[in-house]
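Contents: one structure, followed by commentary.
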Amino acid sequence: MKSNQLSKICLVLGFASIIGSIAIWFLTKDTSPESVAHAERFGIFVGLWAPTFFILSGRLQDGKKEE
């Protein structure tokens, strides 16, 4: 797979991580305190993937420019 395609995939995954984080946090069906706390922690965990994907996308894009 070319680095340009992988860079675009990482960029999309970064935005998907943000959207997924918000969805996990707000779409919790159960209202018990434990369930809400779990959804909040899991949403934050998924949201923390976004910077990694954005950094990978930038690095892959920079690597393509050097070639």
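The values are calculated or read from the model by the stated rules, or taken from the named source; none is laboratory data. Everything quoted here is computed from the prediction, not taken from an experiment. No Cβ is skipped: glycine too gets one built from the backbone with ideal geometry, and neighbour counts run over all protein chains shown.
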Is the range 5-27 home to any residue that is in contact (Cβ under 8 Å) with a residue 60 or more places away in the chain and under 22 Å from D62 (Cα atoms)? no
Candidates G63, G47, filtered to the one that is under 9 Å from the mean Cα position of the chain (by Cα) and among the small types (G, A, S): G47
Give the residues of the range 28-47 that are aliphatic (A, V, I, L, M) and in contact (Cβ under 8 Å) with a residue 12 or more places away in the chain, sorted by residue number. A39, I44, V46
I want to confirm something. Restricting to the range 15-33 and keeping residues that are surrounded by 14 or more Cβ atoms within 10 Å (Cβ to Cβ) and of a type in the set (V, I, T), which single residue is modelled with the lowest pLDDT? T28
Taking the range 16-53 as the region of interest, how many residues are assigned to a loop (DSSP other than H, G, I, E, B) and hydrophobic (A, V, I, L, M, F, W, C)? 2
What number of residues within the range 2-60 satisfy the criterion of being among the hydrophobic types (A, V, I, L, M, F, W, C) and touching a Cys at 6+ places or on another chain (Cβ under 7 Å)? 3
Inside the range 1-15, can you point out the residues that are of a type in the set (A, V, I, L, M) and in a helix (DSSP H, G or I)? L6, I9, L11, V12, L13
